[in-house]
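The values are calculated or read from the model by the stated rules, or taken from the named source; none is laboratory data. Please read all numbers here as calculations on a predicted model, not as lab measurements. All Cβ positions, even for glycine, are placed from backbone atoms using ideal geometry, and neighbour counts span all protein chains on display. Heads up: the accessible areas ignore ligands, DNA and RNA and are worked out on the full protein's heavy atoms, side chains in. Shrake-Rupley method; radii C 1.70, N 1.55, O 1.52, S 1.80 Å.
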Amino acid sequence: MERSEDPLFQSKLTAVPSIYFFAQQYRFYRFICIDVLQVRDYTAYIKIGILRAQFPIARTVAISLRILIADDHEVVRRGVCSVLESYPDYKVCGEATNGDEAVKLAAKLHPDFIVLDVSMPMLDGFSAAKKIKEASPETPILMLSMHAGREMVRASQAAGAQGFVTKTDVAAVLLTAVEALRQGKTFFTDNNF
């Protein structure tokens with residue numbers, strides 16, 4: 001049995017999510033022995049092979065990223081939810097079927113991140129993004145659309161969104177886009193922009 005499948009090893013790492021994420025992302029857990037010695041004062045003291053180290057963990061141990069998804073097509077919403085929730089730190093906190101519902105849920109749930117479809121009934125994604133940004137300017141918004149092009153990217157930016165992804169690219173780049181926006185960057189998948 002590989003060490004990564006060892007339940008005891010997993011429990012040691014999940015006690016310190018930042019180390020587990022670091023090890024899992026870079027596949028170090030297959031090559032080295034990580035033992036969590038103690039967690040005290042927001043610092044994890046660990047032993048990696050023969051080396052001892054300490055890592056500040058206050059930021060990553062806090063709370064997972066709470067995401068609101070708005071799309072009028074249930075199949076698309078389910079797909080986006082599935083992709084996002086495949087990442088251990090992402091949690092879908094709400095789903096909206098139209099722009100008006102998205103604005104109301106954003107005000108009620110105060111999500112950390114919002115994914116909006118451009119074409120929705122009652123209130124389109126651009127208008128919903130503008131209203132959400134008025135109430136919560138710091139919340140990153142990623143726009144989704146079946147249509148690509150510079151006009152869509154410009155309209156997304158004008159609405160206050162920091163990113164734009166075509167629905168055909170969701171499976172390939174959604175997690176990358178969310179992480180970029182989470183770090184304060186922008187992300188646009190349109191090749192012509």
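Structure summary
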read-out: Charge dipole magnitude, Cβ of K and R +1, D and E -1 - the range 64-184, Cα centre, debye nearest 20; value: 200
read-out: Protection proxy ranking, peptides 177-184, 92-99, 111-118, average beta carbon neighbours within 10 Å, highest first; value: 111-118, 92-99, 177-184
read-out: Local net charge near A70, Cβ-Cβ under 9 Å (Lys/Arg +1, Asp/Glu -1); value: -4
read-out: Order of exposure, largest accessible area first, which applies to V76, V165 with probe 1.4 Å; value: V76, V165
read-out: Cubic angstrom per residue, convex hull over Cα atoms of the range 116-193; value: 79
read-out: The range 68-163: C-alpha pair distances exceeding 23 Å, %; value: 15
read-out: D89 long-range amide H proximity, modeled H, under 5 Å; value: none
read-out: Cα→Cβ-extended label distance, 7 Å offset, between K91 and E151, nm; value: 4.1
read-out: Under the Karplus curve 6.51 cos²θ - 1.76 cosθ + 1.60, θ = phi - 60°, whole-Hz ³J(HN,Hα) for the range 167-176, x wherever Gly or Pro sits; value: 5, 6, 9, 4, 4, 7, 10, 4, 5, 5
